[in-house]
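Here the structure is laid out as structure tokens; the discussion comes afterwards.
The values are calculated or read from the model by the stated rules, or taken from the named source; none is laboratory data. Computed from a predicted structure; not experimentally measured. Neighbour counts run over all protein chains shown; Cβ positions are idealised from the backbone, glycine included. For the accessible areas, the whole protein counts, side chains as well, though only heavy atoms, and no ligand, DNA or RNA atoms are used. Shrake-Rupley method; radii C 1.70, N 1.55, O 1.52, S 1.80 Å.
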Amino acid sequence: MRRFSLLTLLALGCGQAASGPDRVPGFDPAPPPPNGMQVLSPIVHGIQAGSDNEICTWSDITLSRTMDVRKITGFQTETGHHVVLYYTNDYQPAGTTRPCTDDDMSTFRFIAGAGAEGLPSEAPGSLVFRVPAKAQLVLNHHYLNASAKPYDVQSAINVFPADPAGTYTPSGALTVTDTGIKVPPGLSHVDITGVLQHDFNLWFLIPHMHQWGSSITITRTHQGQVEKLFDVAHWDPGFMFHPPSLNRDPATPYALNTGDALSVHCEWNNTTQKTLTFGFEMCVGFGQYVDTQGLGNLVWDAPGMNWGGF
């Protein structure tokens, strides 16, 4: 890969975290790649026992030109659930860190996400996660503290840009979910269906639940015919970070058609004494597709009963 300077990519920042060098003791993410950058969150102090915390941090990195990202790797301290790289044009001062709100998330656009374990999220073939010029990079870092003690927490993402001499096609994300779920104690289930308004060529698809999930099914209905894409009869909590997946070469993708219904059925056995809301539990079908139409990232969220960007 050709080497190039971040100064050719960035108007502000040089790949350093907005919070400076402070680290949670023992937190040691891998260094950034030679041609890339590391986005490091500030330390978030005192994540309380039994709490669900979705935190947003606006970095000091604003792009001077379009950047194509080939890969990211994510790192988190204990209690980390995921860290996601977004971009926004609704700028905030560098280092701004607070619990994410719906208003915040409505201004963000998805780039790529990763679990807590340093595993990569990489676009295959000639696909890239495309970030436009003038965008400010944002971290969404999520912590689920199921322990009996508070923790100081932190997250980082390493960003691997594509070679600017290459030719690439952007990858878009497609999600079917219900952010309004309420999972009561005991056995329960939910059904979510989104009807596609465009054709999509999927190269990746996964189901997602959390530790109280018992089963999940994802189906596609095409011209009245139902096809099971996933039928996970015994959900393993380890699937939160390593789920079963449908993987295709982008050159021979799995084709979804306008008018197809993508449905997700989730079942839970909530052994706690409280109702679990979105975050502590989830019911998600998440895919990525070859975005030749410039549609970007789309989500069907059951409470709104429509498609929106994210």
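Here segment 112-242 exposes an accessible surface that is 53 percent carbon and sulfur, computed with a 1.4 Å probe and the other protein chains kept in place. Distant-in-sequence amide contacts of residue 209, defined by a placed amide H-H separation under 5 Å and a gap of 5 or more residues or a different chain, comprise nothing. Per residue, the accessible area of the chain comes to 44 Å² when a 1.4 Å probe rolls over the protein heavy atoms. Between amide H atoms placed 1.01 Å from N, distances below 5 Å from residue 283 occur with 178, all of them 5 or more places distant or on a separate chain. The value of relative contact order for the chain, using C-alpha pairs under 8 Å at least six residues apart, is 21 percent. Taking every alpha-carbon pair under 8 Å whose residues sit at least 6 apart, segment 56-148 reaches a relative contact order of 51 percent. Here segment 46-103 yields Rg over Rh of 0.99, to two decimals, using C-alpha coordinates and the Kirkwood radius. Label separation (residue 292 vs residue 45): 5.4 nm, computed from points 7 Å beyond Cα along the C-beta direction.
Taking θ as phi - 60° and the Karplus parameters 6.51, -1.76 and 1.60, the scalar couplings of segment 134-150 work out to 6, 7, 9, 7, 10, 9, 10, 10, 10, 10, 10, 9, 8, 7, 9, 9, x Hz in sequence order, x denoting glycine and proline. Residues whose amide H lies under 5 Å from that of residue 248, counting only those 5 or more places away or on a different chain, are 204; hydrogens are built 1.01 Å from N in the peptide plane.
The heavy atoms of residue 210 present about 0 square angstrom of accessible area, all protein chains included, probe 1.4 Å.
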